[in-house]
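The values are calculated or read from the model by the stated rules, or taken from the named source; none is laboratory data. Remember, predicted model here, so these are calculated numbers, not experimental data. Reconstructed Cβ throughout: ideal geometry from the backbone, glycine too, with neighbour counts over all protein chains shown.
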Amino acid sequence: VSVRVKQKGDSKCIPWKSLRDLILVHPDTKKKVNVFALCIYGLMIFPRVLGYVDEAVTDLFDRLDKRVTPVPAILAETFRSLSACRSTGEGRFIGCAQLLLVWFHSHFWKVDKVSYRVFFENYSPLNELVATPRRDNITVERWMAILQNLKDEDVEWKAPWIVPDEILYLCGDFDWVPLLRIWGAIGYASFLVLKQYRSRQFIPTTQGLAQSKFSYKDDGYKRKIREVTKAWKQIHRMKKLVVGPMVTSKYNEW
């Protein structure tokens, strides 16, 4: 497979067709499954170039056996892409669209009662979404109209499956949570979305947050990675607190 790696823009990629052919002919069943799982990671969870698996994804995939969780990277790539689209006012979401749909399902479809199943240890919002009948004939234009006309009261800020009583709000000396991506890093400020925890929303500290993102192609990126890794050894959590109105008056003005 390594001899079929191709340069696509600034990325080295493996064609999906090459990996598919390997799955079909490889005699080792376990390796077939591993390659298939790699394809899911590269084509769906961390897409970069259509029809190709970015070589950087294979590095993360190799570390999964060492109990490395992909969750921070998934969140980071989602936030980076959405932030880029918002700042430019256009663009294409490059991330796991299926997981983003789960977020949509949990926040844009209000329910009167929370299912008792969310308190079960084996509860999965992914399984719930798969079992939910949905329409596939909604056009892109219809989706755009729905999202552009959303009002505050249309959004279920707290997903029914979010039950933690603590919030991770900063790491080390950062005033936010730094997340290492596949191709770089970005900062996430939990205080920006306290409403998702049913906690009172106030004006958060965001100074320096916009400058927290960097690419692994930037000068000095290795030093920044060490700083982020060190910060994750000093995480800070706070108890959820629900008092009075969901937002402060100053936050509304902000």
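Matching residues to (1) more than 18 Å from the chain's Cα centre (by Cα); (2) at pLDDT below 90; (3) of a type in the set (S, T, N, Q):
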| residue | (1), (2), (3) |
| --- | --- |
| ILE40 | no, no, no |
| GLN98 | no, yes, yes |
| VAL102 | no, yes, no |
| PHE108 | no, yes, no |
| ASP112 | yes, yes, no |
| ARG117 | yes, yes, no |
| ASN122 | yes, yes, yes |
Original post:
Has region 56-68 got at least one residue that is over 30 Å from ALA189 (Cβ atoms), under 24 Å from the mean Cα position of the chain (by Cα) and outside any helix (DSSP H, G or I)?
Top reply: no
Original post:
THR132: at pLDDT below 90 and surrounded by 11 or more Cβ atoms within 10 Å (Cβ to Cβ), yes or no?
Top reply: no
**OP:** Residue by residue through region 183-204, note down the ones that are more than 17 Å from ALA56 (Cβ to Cβ) and touching a Phe, Trp or Tyr at 6+ places or on another chain (Cβ under 7 Å).
**Re:** GLY187, TYR188, ALA189, SER190, PHE191, LYS195, GLN196, GLN201, PHE202, ILE203, PRO204
**OP:** Go through region 151-197 and give me each residue that's assigned to a helix (DSSP H, G or I), buried (at least 17 other Cβ atoms within 10 Å of the Cβ) and aliphatic (A, V, I, L, M).
**Re:** LEU194
**OP:** Please indicate, with yes or no, whether at least one residue in region 56-63 is surrounded by 15 or more Cβ atoms within 10 Å (Cβ to Cβ), touching a Ser or Thr at 6+ places or on another chain (Cβ under 8 Å) and modelled with pLDDT of 90 or more.
**Re:** yes
**OP:** Count, please, the residues in region 1-33 that happen to be out of contact with any Pro (no Cβ under 8 Å at 6 or more places or on another chain) and within 25 Å of TYR216 (Cβ to Cβ).
**Re:** 16
Subject >> Output for region 35-54, where each listed residue is buried (at least 17 other Cβ atoms within 10 Å of the Cβ) and not β-branched (Val, Ile, Thr) >> reply: LEU38, CYS39, TYR41, GLY42, LEU43, PHE46, PRO47, ARG48, TYR52, ASP54
